[in-house]
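Read the structure below first, then the notes.
The values are calculated or read from the model by the stated rules, or taken from the named source; none is laboratory data. What you see is a predicted model; the values in this text were computed from it and never measured. Cβ sites come from the backbone with ideal geometry, for glycine too, and all protein chains shown count toward neighbours. Just the protein is used for accessible areas: all its heavy atoms, side chains included, with ligands, DNA and RNA removed. Shrake-Rupley method; radii C 1.70, N 1.55, O 1.52, S 1.80 Å.
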Amino acid sequence: MPQAVNIEDFRRMAKRRLPKVIYDYIEGGSYDEVTLRANRADLDAIRLKQRVLVDVSKRSLATTVLGEKFSMPLILGPVGSLGAFARRGEVVAARVAERVGVNFCLSTGSICSIEEVRASREKPFWFQLYINRDRPHADTLIDRAAAAACPVLMVTIDSQIFAKREQSIRNGFTVPLRTTPASVLDMMRRFDWLRDVALGPRLAYGNFPGGRRNFNPVLRMAVGGGQDDTLCWRDIDHLRSRWKDRLVIKGIMAPEDALLAIEHGADGIVVSNHGGRQFDSASSTIAVLPRITDAVNGRIAVLFDSGVRRGQDVIKALALGADACLLGRAYAYALGGAGEAGVEQAIRIIEGEMYSALGFLGLQSVREIDRGVIEPSA
Ligand SMILES: Cc1cc2nc3c(=O)[nH]c(=O)nc-3n(C[C@H](O)[C@H](O)[C@H](O)COP(=O)(O)O)c2cc1C
């Protein structure tokens with residue numbers, strides 16, 4: 001495997017190895033990508049307070065997230081179509097997560113089914129639910145996740161409104177899918193990907209019936225067109241009554257909605273703008289995080305994502321009150337660029353960065369991190 005020392009290296013590797021249409025789907029944000037850039041810029045703008053001459057030789061990143069013990073405050077977040085980036089990509093990511101002592105959240109729009117991923121590991125994983133117009137299908141998914149003993153159901157509520165990802169439209173990654181001679185030629189040139197994915201088992205969305213014909217409904221969900229904009233808190237109440245275990249709502253960006261999530265029985269929320277892929281003009285997640293954690297005041301778990309590429313980013317989110325961070329593109333690039341070894345290395349890189357940062361802060365445990373580690377802005 002070519003040398004990668006950071007997540008950016010994996011991004012470049014993914015760009016080389018994957019067909020352009022797939023790479024652009026991973027990398028892109030919506031519209032002008034203002035929010036996508038703000039996620040990174042606002043994380044970068046935070047400065048941490050360095051402390052010295054503290055014995056930090058017994059540092060630990062171990063923590064507990066929604067009652068589960070984790071070796072570090074990370075979760076591999078829900079990313080659709082992982083199996084199109086590398087062969088059986090969801091199984092690969094789920095296995096790596098188990099090996100390194102974190103957990104993996106399987107997307108509704110996965111190639112590998114809930115049952116295939118369950119069979120590939122000892123411990124159950126988390127499941128992410130999209131609720132679209134086909135409500136009976138959503139109920140079936142909830143029941144399948146329960147049968148697989150998933151401890152956490154994460155319902156994503158920021159995607160029921162269409163957001164234009166302009167590069168995907170140019171690439172023909174739309175419903176119906178448009179292939180051009182140029183895009184086919186581009187795929188034919190990606191030999192590693194062809195051997196690994198295209199010559200592997202047929203790609204179909206494992207959680208939907210209909211084999212290969214099921215490509216369109218899921219794609220529609222991913223790139224817009226089939227979302228259900230009637231979705232509202234009543235649907236969360238329905239979910240709450242059907243799902244007995246922990247329920248997490250992903251896509252919260254306002255303190256008011258965080259309070260409603262508590263009222264409607266959520267056990268946790270994910271402060272997320274979908275990695276800048278939905279509402280372009282929304283704030284960065286790190287900018288809204290402190291207001292949300294203040295409102296929640298420790299009553300439920302607060303997870304964080306969008307823009308996390310470094311261990312230092314995780315530390316900043318924890319300092320502002322998050323319990324753990326979800327990785328999105330960070331591990332999707334690694335999977336697409338370097339497969340299973342890549343995903344493990346990407347996690348180890350971020351782990352190493354967190355471990356160093358903790359030492360520079362003069363702390364022994366991630367549980368000691370609080371707002372005091374953040375330098376007041378000038
Ligand atoms: C290629 C791709 C596919 C995604 N698919 C899903 C999905 O199926 N369900 C979901 O809740 N979020 C999905 N997300 C959003 C991620 O869970 C996460 O919120 C986002 O990637 C975080 O931003 P980051 O990639 O900048 O870290 C997807 C993100 C990407 C990049």
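Out of F70, F127, one residue alone is of a type in the set (F, W, Y), within 16 Å of the ligand (Cβ to nearest atom) and crowded, with 17+ Cβ neighbours inside 10 Å. It is F127.
A single entry from R309, R299 fulfils the requirement of being more than 18 Å from L361 (Cβ to Cβ), outside any helix (DSSP H, G or I), within 14 Å of the ligand (Cβ to nearest atom) and in contact (Cβ under 8 Å) with a residue 12 or more places away in the chain: R309. If the condition is being out of contact with any Asp or Glu (no Cβ under 8 Å at 6 or more places or on another chain) and buried (at least 20 other Cβ atoms within 10 Å of the Cβ), then segment 272-313 contributes R277, A282, V288, L289, I292, T293, V296, F304, D305, S306, V308, D313.
G109 meets each of the listed conditions (1) under 23 Å from L18 (Cβ atoms); (2) modelled with pLDDT of 95 or more apart from (2). Scanning segment 164-187 for residues that are in a loop (DSSP other than H, G, I, E, B) and of a type in the set (K, R) turns up K164, R165, R178.
Scanning segment 134-175 for residues that are of a type in the set (D, E) and either out of contact with any helix residue (DSSP H, G or I) (no Cβ under 9 Å at 6 or more places or on another chain) or surrounded by fewer than 18 Cβ atoms within 10 Å (Cβ to Cβ) (or both) returns D134, D139, D143, E166. Among the residues of segment 322-352, those that are over 18 Å from V92 (Cβ atoms) and open to solvent by 30 Å² or more (accessible area, probe 1.4 Å) comprise D323, E351, G352.
Conditions tested, residue by residue: (1) among the small types (G, A, S); (2) not in a helix (DSSP H, G or I).
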site	(1), (2)
I111	no, yes
A145	yes, no
F162	no, yes
G200	yes, yes
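Annotation for segment 131-152: no member residue is under 14 Å from the mean Cα position of the chain (by Cα) and either within 13 Å of the ligand (Cβ to nearest atom) or not aromatic (F, W, Y) (or both). Here the condition is being free of Cβ contacts under 8 Å to residues at least 40 places away in the same chain and surrounded by 16 or more Cβ atoms within 10 Å (Cβ to Cβ); of A86, A94, it holds for A94 alone. Taken over segment 251-260, the criterion of being open to solvent by less than 10 Å² (accessible area, probe 1.4 Å) and within 14 Å of the ligand (Cβ to nearest atom) is satisfied by I252 alone.
Against the condition β-branched (V, I, T), open to solvent by less than 10 Å² (accessible area, probe 1.4 Å), touching a helix residue (DSSP H, G or I) at 6+ places or on another chain (Cβ under 6 Å) and within 16 Å of the ligand (Cβ to nearest atom), how does I75 come out, does it pass? Taking the combined requirement at face value, the residue does not satisfy it.
Within segment 26-67, the residues that satisfy the criterion of being of a type in the set (A, V, I, L, M), part of a helix (DSSP H, G or I) and open to solvent by less than 60 Å² (accessible area, probe 1.4 Å) are I26, L36, A38, A41, L43. Here V79, V65, V34 are screened, and the one residue that is at pLDDT 95 or above and in contact with a Pro (Cβ under 8 Å, 6 or more places away or on another chain) is V65.
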